[in-house]
Amino acid sequence: MVVGWSGVCGLLFPVLVDEIWVEVVMDWFNPALDLQQGYWLVALPAVGLPVLGGSFAFLEGGSLFKGQTVRHAIAFLLAYPLPRWQVYFSRLAYLLSACFLLTVAGYLSGSGMILLTGYPLPAGLSGLLPGTFLLILLLGELGVLFGMLSKSFWLDRLAGIVFLFLVYLPFGMRSGSGWVRYSPLFYVLGESPLMGGVDVVNLLVLSLLCVAGGLAGGYVFERLELE
């Protein structure tokens, strides 16, 4: 899915790169960047990986503990002398590895598309990877929580769409707005996307949110009725 998105963005690059909307978006994010960098900022770290990767992680996380078949399988495992936390963290480890591989695949495919269009990689692109991975993982953990707390398939999906909207809404109100710090996306892109190094404070905030999401999921799983 992410590789396909990168390919489509590469094919559309000659058509869209000079459009006025790219310049408008760059005024929101970082006016110091040129249009080529601005296009890839929007296509990859600002939209592609967070939206596509986050959607995948949310849906996958929601399916790990949801549904009669899945819960019967978990109940069968717990019939052995196996603690609940071990079952929970084994599935969480799968989610973490899937989010990591998706982030790497997105970065490599996106980097390949940029190079194929004849432009060097934007400075600081790789510095956005740790935050992007943590954001995708956080969305996956939220999917786990919604999957365990909700019995409705469509309610889970609707909640994911609403949360993605809330992730982007404060950041879409321009970087200078005080509301921007309420967006998890801010802690991925920072004050000046693709400029400078990794912001350790932002990564720490995202890491703490991921830890909190993982612990909350574990707490709910300990009290989950499997039969």
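Annotations
- Estimated Rh, the stretch 1-154: Kirkwood, alpha-carbon pairs, angstrom: 17.2 Å
- Calculated mean residue ellipticity at 222 nm for the chain: -21500 deg cm²/dmol, from DSSP H runs with n ≥ 4 weighted as -39500 (n - 2.57), summed, divided by the residue count and rounded to 500.
- Within the chain: Cβ-based charge dipole about Cα centre, in debye rounded to nearest 20 (Lys, Arg +1; Asp, Glu -1): 720 debye
- Heavy-atom accessible surface of the chain, averaged per residue, reaches 51 Å², computed with a 1.4 Å probe.
- Potential lengthening between GLN86 and LEU169 on full extension [0.36 nm per residue; Cα-Cα distance subtracted]: 26.2 nm
- When a 1.4 Å probe is rolled over the protein heavy atoms, the share of accessible surface on the stretch 1-223 that falls to carbon and sulfur comes to 73 percent.
- Using R0 = 25 Å, the C-beta based FRET efficiency linking GLU191 and PHE100 works out to 0.45.
- Each principal axis of the Cα cloud of the stretch 95-227 was evaluated for its coordinate range; sorted largest first, these ranges are 57, 34, 27 Å.
- About its Cα centre, the stretch 1-73 has a charge dipole of approximately 620 debye under the convention of +1 per Lys or Arg Cβ and -1 per Asp or Glu Cβ, with nothing else charged.
- Farthest toward positive dipole pole in the chain [+1 Lys/Arg, -1 Asp/Glu at C-beta], among LEU35, LEU12, VAL104: VAL104
- Between 0 and 90°, nearest 10: helix 20-29 axis offset from the chain longest Cα axis: 60 degrees
- With a simple spin-label model that places each label point 7 Å from the Cα along the Cα-to-Cβ direction, the separation between ARG223 and LEU108 comes to 4.3 nm.
- Across every pair of non-identical alpha carbons in the stretch 41-128, the mean reciprocal distance, once inverted, gives a Kirkwood radius of 15.4 Å.
- Among 78-88, 2-12, the peptide with the highest mean count of other Cβ atoms within 10 Å heads the list, and the full ranking is 2-12, 78-88.
- Segments 91-102, 183-194 sorted - mean Cβ within 10 Å per residue, highest first: 183-194, 91-102
The values are calculated or read from the model by the stated rules, or taken from the named source; none is laboratory data. Computed from a predicted structure; not experimentally measured. Virtual Cβ from ideal backbone geometry, glycine too; neighbours counted across all protein chains shown. Just the protein is used for accessible areas: all its heavy atoms, side chains included, with ligands, DNA and RNA removed. Shrake-Rupley method; radii C 1.70, N 1.55, O 1.52, S 1.80 Å.
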